[in-house]
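Q: This is the structure, below, for whatever I ask next.
The values are calculated or read from the model by the stated rules, or taken from the named source; none is laboratory data. None of these values were measured; they are calculated from a predicted model. Cβ sites come from the backbone with ideal geometry, for glycine too, and all protein chains shown count toward neighbours.
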Amino acid sequence: MKYFIALMLICGLLFSQVLYEEYFTDGTMQLDWGPWFTDSLGIGDSMGVINDPTTPGGDSWAGRISNEYMGAAGLTYAGASSLVDYSIEAWVYTLVTTAAGPYNGIAIRMNPSTRYLYRLVSDFDNSARLRLGLIGYQGYPVVLRDWASSEIPGGVPSSSSWHKLKLKVVADSIWAYYDEQMLPGCPIINDSVSSGYFGMYVFNMSDTTSTKCDNVIVQAEGTSIVEHDIDREATFSVAPNPFRYKTVISFGKAQNTQCSVPGGRESSSFRRDRELKIYDATGRLVRNYSINLSNLNESAMSVCWDGTDAAGNAAAPGVYFIVDDYGNTLRNVVKLH
């Protein structure tokens, strides 16, 4: 049997596949938006379209979600419940006020069965912050990370204005962005919600408030291994992730917890050696490993990364990218302090 493994980048650091887009062009919606919460009559807050000459999209149309029907929070969703590793970005009109409470933002991995979700919101009242949170058990909010004005690119705006918010989730890692700049401390590690819809969010405990949005783009993120002519399932894993002292990078039919590279005999002219390269967030090559795939059908091949570079120096804490010799990003790995 000829064994052929195709490592296919579906989406990753360098390339992403657009899954959904919403521009509200000509006053219409391309996506099917629904209310996340409804009353006994099935009435809830959902997406609407308004005419607004200030929209960053330039077509004078924007989306609008309010908390008019369902009280303090207004939330609308679209997409599919099966979405796992993906990102949502949108222009959001962030309200700046001295009154308490207006939250404007985006939501990701909205699970309809548990009502769990992640949200990134502006809280530009006297709190002067961005907030990443988890809506969890019985709707209770959990703060995952706050960014004060000094940590926000450009600081808190002095008046209400359009800004781009973005959330990306891959496995249990969450990245948050403001005006196309990653916020400090990312990724945030949380495994409370594994999949779900995306949406727009508004909150105000004491008043009716709206969130305006435009140019909503949802893209697949992460990687996948596609198998051809192999009668056993091939996997690619990194564990533990995140790690402090060492992590095992495994490639085979099952995860191998040992730090070794099993040998193998070439049985065809197909090239079975594969390079795995580890890059830091700046694009610098940190380590380079070679894996022989000859025995992929029989066992798992693995290498152990101890968190050092090729010279033996300890790599700094942060996000690293495992890339194959075709330039495909296979997995992100997080090194802790």
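Q: Output the number of the condition that residue 3 fails; it satisfies all remaining conditions of (1) touching a Ser or Thr at 6+ places or on another chain (Cβ under 9 Å); (2) modelled with pLDDT of 95 or more; (3) of a type outside the set (S, T, N, Q); (4) farther than 26 Å from residue 175 by Cα.
A: With (1) touching a Ser or Thr at 6+ places or on another chain (Cβ under 9 Å); (2) modelled with pLDDT of 95 or more; (3) of a type outside the set (S, T, N, Q); (4) farther than 26 Å from residue 175 by Cα applied to residue 3, the lone miss is (2).
Q: Quick one: is residue 167 modelled with pLDDT of 95 or more and either within 19 Å of residue 204 (Cα to Cα) or assigned by TED's automatic domain parsing to the domain that holds residue 61 (or both)?
A: Yes, satisfied.
Q: In region 57-70, which residues are in contact with an Asp or Glu (Cβ under 9 Å, 6 or more places away or on another chain) and on the phi > 0 side of the Ramachandran plot?
A: Across region 57-70, the qualifying residue is only 60.
Q: Name, by its number, the condition in (1) closer than 15 Å to residue 200 by Cβ; (2) at pLDDT 95 or above that does not hold for residue 70.
A: The failed condition is (2).
Q: Something else now. Could you pull out the residue among 214, 123 that is in contact with a Gly (Cβ under 6 Å, 6 or more places away or on another chain) and not in a loop (DSSP other than H, G, I, E, B)?
A: Unique residue meeting the criteria: 214.
Q: Going by the structure shown, is residue 40 at pLDDT 95 or above and more than 21 Å from residue 195 (Cα to Cα)?
A: For residue 40, the condition - at pLDDT 95 or above and more than 21 Å from residue 195 (Cα to Cα) - is not met.
Q: Considering each residue of region 293-322, count those that are aliphatic (A, V, I, L, M), within 17 Å of residue 276 (Cβ to Cβ) and at pLDDT 80 or above, and give that number.
A: Total meeting the criteria: 5.
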